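Visitor: Just passing along the structure, written as structure tokens.
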Amino acid sequence: MSTVTLEKNGHIGILTIDRPKALNALNSEVLKDLGAAVDAVEADEDIYVAIITGAGEKSFVAGADIAEMKDYDVAGGEAFGLRGNDVFLKVENMTKPVIAAINGFALGGGNELAMSCDIRLASEKAKFGQPEVGLGITPGFGGTQRLPRIVGVAKAMELILTAKTIKADEAARIGLVSYVYPAEELMDKALELANAIAAQAQVAVRQSKKCIRQGIHLDMASAVALEAKYFGECFATEDQKDAMNAFVNKEKLNGFKNK
Ligand code: CAA
């Protein structure tokens, strides 16, 4: 039995962190299962977009597992941090776009998992925060790095240094999530967004994601040079020829070949 399930809905792969008794807290087993589930999504050519969500009514992911961490020594803590970061980098660098459908608590490692995804949607019930300094630790699965990149340094400082929890509307206001929906609409809205992406030319979608993910770490001149490279590579695809010929000939293109 895996603690992360993968279900398919058309071209969308839905990954559910399924450990509701512990509010989907990330222990070593969940991290291992999440890594394996991401590999399965990558290997499945029929999946174009992934959605990550949490099982149960209450929680997306309530953080790294505190019971597992509590007796770690320095080396154990660092190793756990590296393990989580490896999996979250794998999520972030997935060739396919990943949407977080945040259905409840997204605390500590939960907020960090959401931030590894490309787009975040939240239920009105969702709550966000990095409570680590209240537990005597720093955020350990990328929070000190991704939060300031998403919401800015001062807001990340405030959230991390006070350990405070914020509601979904505040998360939207500061740009941590893109949209907030009533709980019962969240998954439909996530599927709607995923299908809007799945309807595009997938080579171009993946080249665009790769370019954003890699370019953000570069200086502007190197980043736009990288963009030119990925832009150029798109001209080797049938989709580019088909779509541009259809436009020029005023014809309607009937879907993409994704090659
Ligand atoms: N680790 C382990 N178990 C957890 C957990 C966590 N992060 N969060 C919740 N649980 C467990 C609880 O221990 C409880 O288990 P039992 O039923 O066996 O007692 C069960 O989930 C339900 O939790 P609560 O009874 O506490 O539920 P609640 O509704 O009263 O409170 C909550 C919900 C506010 C989310 C509360 O559970 C909580 O504060 N959880 C911890 C949140 C947190 O601090 N997360 C950060 C962890 S550190 C981290 O993530 C480091 C990093 O960056 C890698």
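The values are calculated or read from the model by the stated rules, or taken from the named source; none is laboratory data. No experiment lies behind these values; they were computed from the predicted model shown. Every residue, glycine as well, gets a Cβ built from its backbone with ideal geometry; the counts of neighbours run over all protein chains shown.
Visitor: Among the residues of segment 1-28, write down those that are charged (D, E, K, R) and either surrounded by 15 or more Cβ atoms within 10 Å (Cβ to Cβ) or more than 16 Å from the ligand (Cβ to nearest atom) (or both).
Guide: So in segment 1-28, the residues charged (D, E, K, R) come out as 7-8, 18-19, 21.
Within segment 1-28, Glu7, Lys8, Asp18, Arg19 qualify.
Visitor: Residues that are near the ligand (Cβ under 10 Å from one of its atoms): which strands (runs of 3 or more DSSP E) entirely in segment 87-183 hold 2 or more of them? Full working, then the answer.
Guide: Details: elements: 98-102, 105-107, 119-123, 127-129, 165-167, 179-181.
It comes to 105-107, 127-129.
Visitor: Could you grab me the full set of residues in segment 58-85 that are among the small types (Gly, Ala, Ser) and either near the ligand (Cβ under 9 Å from one of its atoms) or within 30 Å of Glu124 (Cα to Cα) (or both)? Quick ask: steps written out before the conclusion?
Guide: First pass over segment 58-85, keeping only residues among the small types (Gly, Ala, Ser): 59, 62-64, 67, 75-77, 79, 81, 84.
Within segment 58-85, Ser59, Ala62, Gly63, Ala64, Ala67, Gly81, Gly84 qualify.
Rundown of residues vs (1) within 10 Å of the chain's Cα centre (by Cα); (2) surrounded by fewer than 23 Cβ atoms within 10 Å (Cβ to Cβ), yes/no style:
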site	(1), (2)
Asp86	no, yes
Asn93	yes, yes
Ile99	yes, no
Asn103	no, no
Gly108	no, no
Glu124	no, yes
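Visitor: State whether one or more residues within segment 32-55 are over 17 Å from the mean Cα position of the chain (by Cα) and within 13 Å of the ligand (Cβ to nearest atom).
Guide: no
Visitor: Select from segment 133-159 the residues that are within 23 Å of Gly56 (Cβ to Cβ) and either out of contact with any helix residue (DSSP H, G or I) (no Cβ under 6 Å at 6 or more places or on another chain) or surrounded by fewer than 16 Cβ atoms within 10 Å (Cβ to Cβ) (or both) and list them in ascending order.
Guide: Residue satisfying the conditions is Leu135 alone.
Visitor: Sticking with this structure for a sec: Has segment 92-99 got at least one residue that is in the same structural domain as Lys167 (by TED's automatic domain parsing), closer than 22 Å to Glu185 by Cβ and out of contact with any Lys or Arg (no Cβ under 6 Å at 6 or more places or on another chain)?
Guide: Keep residues of segment 92-99 that are in the same structural domain as Lys167 (by TED's automatic domain parsing), which gives 92-99.
Next, only the ones that are closer than 22 Å to Glu185 by Cβ stay: 97-99.
Filter again for out of contact with any Lys or Arg (no Cβ under 6 Å at 6 or more places or on another chain), leaving 98-99.
Looking through segment 92-99, at least one residue is in the same structural domain as Lys167 (by TED's automatic domain parsing), closer than 22 Å to Glu185 by Cβ and out of contact with any Lys or Arg (no Cβ under 6 Å at 6 or more places or on another chain).
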